[in-house]
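Working notes, structure below.
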Amino acid sequence: VLGGPMSPGDDLAWLPQERGLITDCLKSHIPILGICLGAQQIAMALGASVHLAPHKEVGWAPVYRQSDALPGLPEKLLALHWHQDMFELPEGSHLLYSSDLLDNQGFLVNGNVVGLQFHLEQQEDNVREIVINDGAYAEEGNDLHQSPAEILEQEVPAANKQAIYTILDYLSVH
């Protein structure tokens, strides 16, 4: 379940429909990976709140592992952030990652559902497209203080690809 420029509370008919699909997957014990809006949607489907974060994060910043609940993940990753909303942790979940500005950056729940507020899946072309289409979002109230040009200057770390593979490998057997 991936992200987009909307918030889970926006008045769009497909958002609650997507949460219904997530709920069906949860009931059937189908593994789920949610990124950014996707993680927020999972959190809401599990009864946790999603709200405006105290810090808007747009750009590259480290996240720090907080739990070994999902084995093999690195202690620190340089991740792409593109959000101003945040989730509260769903009941019974393990906090996987935090950043310097926001505690709740990733969770594992039910042993087969992962939510990440940040992006590991992006490749350089994806980052460029995001900046072309939504770069102005970085220029206003961004607590990471990165311009669109600065965001584009950062190469996508190879460790991010390995981390997303680790998560997908874990989910494929749980």
Once you keep just the Cα pairs under 8 angstrom separated by 6 or more residues, what percentage relative contact order results for the chain? 23
With +1 on each Lys and Arg Cβ and -1 on each Asp and Glu Cβ, how big is the dipole of region 1-119 about its Cα centre, in debye rounded to the nearest 20? 200
For the chain, which whole percent of the accessible surface, found with a 1.4 angstrom probe, sits on carbon and sulfur atoms? 50
Helix-only [θ]222 nm of the chain, DSSP H runs n ≥ 4, -39500 (n - 2.57) each, per residue, nearest 500: -9500 deg cm²/dmol
May I ask you to compute the full-extension gain from ASP10 to LEU95, defined as 0.36 nm times their residue separation minus their alpha-carbon distance, rounded to one decimal in nm? 28.0 nm
Would you mind working out the magnitude of the charge dipole of region 89-174 relative to its Cα centre, with +1 at each Lys and Arg C-beta and -1 at each Asp and Glu C-beta, to the nearest 20 Debye? 400
Tell me the net charge near LEU102. Cut-off is 11 Å between Cβ atoms, LEU102 excluded, with +1 for each Lys or Arg and -1 for each Asp or Glu. -4
Could you tell me the accessible area of LYS76 in Å² (1.4 Å probe, neighbours in place), rounded to the nearest ten? 120
accessible surface per residue for the chain, probe 1.4 Å, DNA/RNA/ligands not counted, whole Å² -> 49
Considering the dipole of region 123-174 built from charges on the beta carbon (Lys and Arg +1, Asp and Glu -1) around the Cα centre, which of SER147, ILE167, TYR137 is farthest to its positive end? ILE167
For LEU152 and LYS27, what is the calculated FRET efficiency with R₀ set at 41 Å and r taken between the beta-carbons, to the nearest 0.05? 0.50
Could you give me the ³J(HN,Hα) list for region 138-148, computed from phi with Karplus coefficients 6.51, -1.76, 1.60 and θ = phi - 60°, whole Hz, x at Gly and Pro? 6, 8, 10, x, 8, 6, 8, 6, 10, 7, x
Label-to-label distance, nm, for residues given as SER67 and LEU52 (7 Å Cα→Cβ offset): 2.9
Once the Cα atoms of helix 124-134 and of the chain are each reduced to a long axis, what angle between those two axes, in degrees from 0 to 90 to the nearest 10, is obtained? 80
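The values are calculated or read from the model by the stated rules, or taken from the named source; none is laboratory data. Bear in mind the structure is a predicted one, so any value in this text is a computation, not a measurement. Cβ: placed from backbone, ideal geometry, glycine included. Neighbour counts: every protein chain shown. Side chains included, ligands, DNA and RNA excluded: accessible areas come from the protein's heavy atoms. Shrake-Rupley method; radii C 1.70, N 1.55, O 1.52, S 1.80 Å.
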